[in-house]
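Undergrad: The structure that follows is given in the form of structure tokens.
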Amino acid sequence: MTDYTPRQLVFNHEKAFRPEKAVGVEAVIQYHLTGEGGGDFIVTIKDGKCTVAEGVAENPKMTLTADAEDFKNVLLGKINGMKAFMDGKLKLSGDLNLAMKLTSFFKMG
């Protein structure tokens, strides 16, 4: 199995997006990943498409802050996202309802 970087996994959101699961959703999501391999990424879901760009969104609907390695392990299914949130490894602000639905918008694995 290839060892993906957190950045590669974030940009993979575009390919893994399942538009049928996000009908009517319009959201700008900020990922703030700290530590090695981290960075700031803007995930935009609009008109049945998902785009990812590096940078900081002006007014995101939701912000996720995490160590890049922890985030990578959540995306790869090595860590349960809810447990990571409860343990303080993932911090969320903004629309928490959106956060709960977010994983359903993407194919995992």
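The values are calculated or read from the model by the stated rules, or taken from the named source; none is laboratory data. Nothing here was measured: the structure is a model prediction, and the numbers come from that model. Backbone-built Cβ (ideal geometry, glycine too); neighbour counts: all protein chains shown.
Undergrad: Out of curiosity, is residue 53 touching a strand residue (DSSP E or B) at 6+ places or on another chain (Cβ under 8 Å), surrounded by 16 or more Cβ atoms within 10 Å (Cβ to Cβ), small (Gly, Ala, Ser) and not in a loop (DSSP other than H, G, I, E, B)?
TA: no
Undergrad: Also, I was wondering about something else. Please state which one of 36, 58, 20 is part of a helix (DSSP H, G or I) and charged (D, E, K, R).
TA: 20
Undergrad: Output yes when any residue across region 80-92 is surrounded by 13 or more Cβ atoms within 10 Å (Cβ to Cβ), under 12 Å from residue 10 (Cα atoms), in contact (Cβ under 8 Å) with a residue 24 or more places away in the chain and touching a helix residue (DSSP H, G or I) at 6+ places or on another chain (Cβ under 7 Å), and no when none is.
TA: Looking through region 80-92, none of the residues is surrounded by 13 or more Cβ atoms within 10 Å (Cβ to Cβ), under 12 Å from residue 10 (Cα atoms), in contact (Cβ under 8 Å) with a residue 24 or more places away in the chain and touching a helix residue (DSSP H, G or I) at 6+ places or on another chain (Cβ under 7 Å).
To keep it simple, each residue is scored yes or no on (1) touching a residue at least 12 places away in the same chain (Cβ under 8 Å); (2) crowded, with 18+ Cβ neighbours inside 10 Å.
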{"residue": "8", "(1), (2)": "no, no"}
{"residue": "17", "(1), (2)": "yes, yes"}
{"residue": "27", "(1), (2)": "yes, yes"}
{"residue": "41", "(1), (2)": "yes, yes"}
{"residue": "70", "(1), (2)": "yes, yes"}
{"residue": "100", "(1), (2)": "no, no"}
{"residue": "107", "(1), (2)": "yes, no"}
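Undergrad: Considering only region 66-98, state which residues are part of a helix (DSSP H, G or I) and more than 18 Å from residue 41 (Cβ to Cβ).
TA: Listed by number, the residues that qualify are 82, 83, 85, 86, 96, 97.
Undergrad: Scan 55, 109 and give me the residue that is closer than 18 Å to residue 14 by Cβ, at pLDDT below 95 and over 13 Å from the mean Cα position of the chain (by Cα).
TA: 109
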